[in-house]
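The values are calculated or read from the model by the stated rules, or taken from the named source; none is laboratory data. It should be emphasised that the depicted structure is a prediction, and the values quoted were computed from it without experimental measurement. Because the Cβ atoms are built from the backbone with ideal geometry, glycine has one as well, and the counts that use them run over all protein chains shown. When the accessible area is computed, the model is the full protein with side chains, heavy atoms only, and any ligands, DNA or RNA have been set aside. Shrake-Rupley method; radii C 1.70, N 1.55, O 1.52, S 1.80 Å.
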Amino acid sequence: MKTMKQSHELRWGGIAGIAAVVVAIIGRIVMGNAPSVAESASSIAGYLFEYRTQVMAASVLYGIATMLFLWFGVALATAFRRADDTSDTPALVLAGYILVSTIMFIGVAIFAGLTYAITTHRGALMALAAGPYTALTVMNMIAGIAVAATFAVTAAAIMHTRVLPMWMAWFAIVVAALKLLTALGVGSTARALAPDAPLMVVVPGVLLAVWVLVASYMLIREHLPMPAAGARPVMGH
């Protein structure tokens, strides 16, 4: 097996992956102590009004993190394609990252827009603040299905191409399973299984971030295996 050492765009994709995690963490810190969906409507409305500037800034940071996450996904799909351009898995991986990024962009845009509208016209809309806040939290949880599908096909691509170590494939399967289970529990009324409970958000989120960081590091090193004959040209070029 040779290694992909000539593909510096993969290195930039790895840097983008690390940056995505860092920027997303900063965005979460900027948002402050966001209320739970189980709290009263007045508490949620008060938070949106008091932290309006922080929420808008965090939304911009989340948008940047999403763009960087997509860049990472494109680099990862490229690595899979160069290892085997006859397989459909690289295209599926790319489609998965595009789907997840699209959902993230929509969620961030809606949250920022609703926060701006509600806090600008707080006399008429503040009483309704809990509605969109809760709905978007649940939407984020259901979006875990898209993340689960993306990581499942990523695991399949790793197993097929061996671009990353096999343990990364099993790690991706664990992340996919957790995201799917959290999405399936969206209708639960148990406090521990609420859409924003640590068990449903923090644990899968931390594991996902760790996976992205490790995969990004491997892309930056550019020592990814490829067939001994070298990568075949795509589309006959």
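Out of all the residues in the range 56-70, is one or more surrounded by 19 or more Cβ atoms within 10 Å (Cβ to Cβ) and farther than 18 Å from Val22 by Cβ?
no
How many residues does the range 153-174 hold that are modelled with pLDDT of 95 or more and in a loop (DSSP other than H, G, I, E, B)?
Selection size over the range 153-174: 0.
Residue by residue, here is whether (1) of a type in the set (Ser, Thr, Tyr); (2) over 18 Å from Gly13 (Cβ atoms); (3) open to solvent by 60 Å² or more (accessible area, probe 1.4 Å) holds:
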| site | (1), (2), (3) |
| --- | --- |
| Thr78 | yes, no, no |
| Ala83 | no, no, no |
| Gly96 | no, no, no |
| Met104 | no, no, yes |
| Ile118 | no, yes, no |
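Out of (1) within 17 Å of Val108 (Cα to Cα); (2) open to solvent by less than 70 Å² (accessible area, probe 1.4 Å); (3) among the hydrophobic types (A, V, I, L, M, F, W, C), the odd one out for Ile25 is which?
(2)
Condition first: under 17 Å from Thr89 (Cβ atoms), aromatic (Phe, Trp, Tyr) and open to solvent by 20 Å² or more (accessible area, probe 1.4 Å). Now tell me which residues in the range 137-170 satisfy that.
Residue satisfying the conditions is Trp170 alone.
Kindly establish whether Trp211 is at pLDDT 65 or above and open to solvent by 60 Å² or more (accessible area, probe 1.4 Å).
no
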